[in-house]
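Right, one structure below, let's go through it.
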Amino acid sequence: MSSRARGRARRGRGRGRGRCSVAEYEMDHHETSAPSSPSTTSDREDNVGFTPEQVHVACYAGPAEPSSSTLLNPKINHRSDAIFGDQALEQLKLRHHKPLKFHERYRPYLRDAGLLGLSQICQRMPQLDKALITALVERWRPETHSFHLASGEMTVTLQDVAMLFALPIDGRPVCSSTDHDYGQMVLDCLGHDPRGQSMPGKSFLHYKWLKKHFYELPEGADDHTVQRHVLAYILSLLCGVLFPDGTGRMSLIYLPLIADLSLVGTYSWGSAALAFLYRALCSAASSHNMKNIGGSLLLLQLWSWEHSHVGRPLARSSSVVETDIPQDLPPIGFRWVGARAQSENATRCLKQYRDELNLQRADQLKWEPYMLIESSSLPPLCTKDADLWITQAPLINFPIVEMYLPERVMRQFGLRQCIPPPFRPTLQTLHRISRRGRERENWEETHHEYIQEWEARRQRIFREAEQYDLSSYDEYLQWYSGATRRYLVPSTGDDAEAGLLSPPDDSDLQYKAKSPMIRKAVDKLHGMMKKAKTAMASTADTATQALVFQFLHGFEDVLSDLGEIKESDDPEAPPFDSATGSYEHYM
């Protein structure tokens with residue numbers, strides 16, 4: 001049975017309209033409401049065509065400037081604002097480390113730890129595409145923890161973490177006290193003393209020190225030596241791939257959690273990885289001056305390749321892992337091992353990626369990329385915790401607490417996507433919490449409230465039993481179009497001058513963006529449609545009305561091809577009214 005079939009069998013079937021329901025839990029004063037329906041007063045002011053009195057010819061939403069019901073927080077100095085202001089931006093520098101060299105004697109330990117799938121991918125790490133990741137950051141909104149794309153919201157979910165990396169979702173939160181002598185702990189656990197220049201802080205380690213002592217397992221190593229190398233290898237996976245920060249250093253706060261190898265698999269590494277990625281994306285998106293980005297960029301890139309055509313490599317790996325042990329089967333992310341990014345010229349590619357994201361249609365996105373994959377071909381961890389994919393419990397990783405909002409991206413789970421219910425954003429006070437100045441903090445006490453919510457994760461499942469249907473999604477898109485920016489187009493429309501620092505000698509390699517020109521054409525089509533409707537209303541001549549009606553539907557078809565959002569669910573015109581001798585129902 002495929003993963004999608006298992007999910008549907010578990011949650012039930014059905015179709016229908018209406019608003020999404022929420023899991024029953026006490027909402028606090030931090031919650032923010034979306035408009036209750038697309039027919040509210042504020043929405044009618046920004047989205048024409050919703051009421052019966054208005055023209056029934058299918059028309060489309062205009063330029064995607066957010067309305068008064070916006071999801072966007074004007075206090076956030078968002079990176080995308082620089083594009084509208086023609087401010088030059090540098091591409092982000094990607095902070096990550098390749099893990100230490102794998103050895104077969106590590107396999108049973110990694111299997112028990114729930115980290116074998118990640119290790120399999122990292123043995124031939126796909127090349128990261130900094131242009132693609134920079135373009136995605138420009139689309140990330142800290143308010144909703146999602147990418148605001150032209151065709152709706154999408155995000156990296158717990159399902160993606162499980163399917164791509166086979167990381168455990170269920171388990172204890174990755175959170176504990178940081179009141180330790182980490183130098184002594186490294187000596188006790190690994191047998192080498194890093195204190196001195198190899199520790200640039202009380203809880204940080206230079207990666208080159210770990211690589212010097214543990215890069216490769218010596219031949220004929222005894223079991224004790226193997227276990228020390230496994231511990232170092234796991235530390236390199238966590239700090240280099242799942243939780244790399246923007247400084248390039250390795251944090252030792254995870255060492256107490258993995259010191260006992262038999263307990264490593266009891267933690268929710270999947271939710272911790274997502275928490276860390278969300279925080280990294282929020283930080284990078286909330287500043288024009290940010291130069292680095294950490295977090296699991298491998299997870300972000302594989303997610304993008306699975307869901308979107310933008311920047312996707314032409315070929316996937318044909319590598320096959322033959323094993324009789326189900327836990328040793330590789331996760332879905334393994335099909336991208338060895339893949340190389342497209343960005344030979346990163347400056348050119350960023351402009352191209354921005355443009356392609358502006359022009360991207362809903363049918364170019366793979367909302368459910370895993371639905372046809374048989375679960376029997378995957379390690380059990382990929383689907384073991386599927387019931388938690390749509391929990392609304394917070395994601396935790398030591399000082400980091402990030403809200404998880406699957407109700408905003410129900411289409412990614414094959415479920416009905418309606419206008420999202422009131423949601424709980426991650427407070428700015430939470431976003432500002434870090435370990436700076438709090439090196440000896442008991443984070444379990446600090447985040448006790450959120451840890452309790454995580455422990456009740458199965459009581460916080462979002463309740464949506466109805467499957468995806470287009471009509472509900474159309475209604476959602478009506479609201480979405482007026483609530484955010486769907487297009488990131490420089491105000492001047494001059495791609496060569498706006499939004500990116502470019503070397504002065506690469507003019508022959510400049511990518512000429514199509515989206516500014518297309519947005520101008522769309523605006524002109526909207527203007528022509530308004531004039532056509534006015535002309536249609538001002539004449540009683542049925543021949544003229546019929547001709548104008550043909551023009552209107554021609555404009556409609558062009559806008560549809562360009563991915564514009566319809567403002568009416570009525571794609572077919574009602575018949576000519578013989579009683580009145582006119583098309584007055586369209587006026």
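Let me confirm something: among 300, 378, 372, which residue is within 29 Å of residue 408 (Cβ to Cβ), at pLDDT below 95 and hydrophobic (A, V, I, L, M, F, W, C)?
Working: 300 fails: at pLDDT below 95; 378 fails: at pLDDT below 95.
Going through 300, 378, 372 in turn, just one is within 29 Å of residue 408 (Cβ to Cβ), at pLDDT below 95 and hydrophobic (A, V, I, L, M, F, W, C): 372.
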Report task. Say whether the condition of being crowded, with 19+ Cβ neighbours inside 10 Å, under 30 Å from residue 423 (Cα atoms) and not polar (S, T, N, Q) is met by at least one residue in the range 175-187. Result -> yes
Report task. Please verify whether the range 187-198 includes one or more residues that are under 22 Å from residue 434 (Cβ atoms) and out of contact with any strand residue (DSSP E or B) (no Cβ under 6 Å at 6 or more places or on another chain). Result -> no
**Report entry** helices (runs of 4 or more DSSP H) within the range 232-325 that include 2 or more residues touching a Ser or Thr at 6+ places or on another chain (Cβ under 8 Å), aliphatic (A, V, I, L, M) and surrounded by 24 or more Cβ atoms within 10 Å (Cβ to Cβ)
**Finding:** 269-285
Requested in this report: Could you tell me which numbered condition residue 147 fails, if it satisfies all but one of (1) under 30 Å from residue 455 (Cβ atoms); (2) in contact (Cβ under 8 Å) with a residue 24 or more places away in the chain; (3) among the aromatic types (Phe, Trp, Tyr)?
Outcome: (2)
**Report entry** In the range 77-95, the residues that are part of a loop (DSSP other than H, G, I, E, B), crowded, with 18+ Cβ neighbours inside 10 Å and modelled with pLDDT under 90
**Finding:** 89
Query - the range 354-363 - residue that is among the aliphatic types (A, V, I, L, M) and surrounded by fewer than 20 Cβ atoms within 10 Å (Cβ to Cβ) and, of those, farthest from the chain's Cα centre (by Cα) - result: 359
Query raised in the report: Within the range 97-125, which residues are in contact with a Gly (Cβ under 6 Å, 6 or more places away or on another chain) and either at pLDDT below 90 or crowded, with 21+ Cβ neighbours inside 10 Å (or both)?
Result: 99, 113, 114, 121
Report task. Pick out the one residue from 366, 384 that is modelled with pLDDT of 95 or more, in contact with a His (Cβ under 8 Å, 6 or more places away or on another chain) and surrounded by fewer than 19 Cβ atoms within 10 Å (Cβ to Cβ). Result -> 366
Query - Test for residue 58: is it of a type in the set (A, V, I, L, M), touching a helix residue (DSSP H, G or I) at 6+ places or on another chain (Cβ under 7 Å), buried (at least 18 other Cβ atoms within 10 Å of the Cβ) and at pLDDT 90 or above - result: no
Report summary line: Selection from the range 161-198 of residues within 12 Å of residue 114 (Cβ to Cβ) and assigned to a loop (DSSP other than H, G, I, E, B) yields 166, 167, 168, 169, 170, 171
Report task. Kindly indicate the residue of the range 451-469 that is assigned to a helix (DSSP H, G or I) and within 22 Å of the chain's Cα centre (by Cα) and also farthest from residue 389 (Cα to Cα) among those meeting that condition. Result -> 454
Report task. Might you check whether a residue that is hydroxyl-bearing (Ser, Thr, Tyr), within 18 Å of the chain's Cα centre (by Cα) and on the phi < 0 side of the Ramachandran plot occurs anywhere in the range 256-277? Result -> yes
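This table checks each residue for (1) within 22 Å of the chain's Cα centre (by Cα); (2) part of a loop (DSSP other than H, G, I, E, B).
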| site | (1), (2) |
| --- | --- |
| 372 | yes, yes |
| 396 | yes, no |
| 417 | yes, yes |
| 435 | no, yes |
| 445 | no, no |
Requested in this report: Mind telling me which of the residues 231, 257 ends up being within 16 Å of residue 205 (Cα to Cα) and not β-branched (Val, Ile, Thr)?
Outcome: 231
Query raised in the report: Of the conditions (1) in contact with a Lys or Arg (Cβ under 9 Å, 6 or more places away or on another chain); (2) in contact (Cβ under 8 Å) with a residue 60 or more places away in the chain, residue 133 fails just one. Which one is it?
Result: (1)
Query - Those residues of the range 169-221 which are under 24 Å from residue 271 (Cβ atoms), in contact (Cβ under 8 Å) with a residue 60 or more places away in the chain and under 32 Å from the mean Cα position of the chain (by Cα), in sequence order - result: 169, 170, 171, 172, 173, 174, 175, 176, 177, 178, 203
**Report entry** Residue count, the range 269-292 (criterion: over 17 Å from residue 434 (Cα atoms) and basic (Lys, Arg))
**Finding:** 1
Query raised in the report: Is the range 387-395 home to any residue that is at pLDDT 90 or above, out of contact with any Phe, Trp or Tyr (no Cβ under 9 Å at 6 or more places or on another chain), buried (at least 19 other Cβ atoms within 10 Å of the Cβ) and among the acidic types (Asp, Glu)?
Result: no
Query raised in the report: residue 343 is checked against (1) at pLDDT 90 or above; (2) touching a Gly at 6+ places or on another chain (Cβ under 9 Å) and fails just one. What number does that condition carry?
Result: (1)
Query raised in the report: Among the residues of the range 212-230, is there at least one that is more than 21 Å from residue 276 (Cα to Cα), outside any loop (DSSP other than H, G, I, E, B) and of a type in the set (S, T, N, Q)?
Result: yes
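The values are calculated or read from the model by the stated rules, or taken from the named source; none is laboratory data. If you're wondering where the values come from, they're calculated on a predicted model, not measured in any experiment. For neighbour counting, all protein chains shown are included, and Cβ atoms are generated from backbone atoms with ideal geometry for every residue, glycine included.
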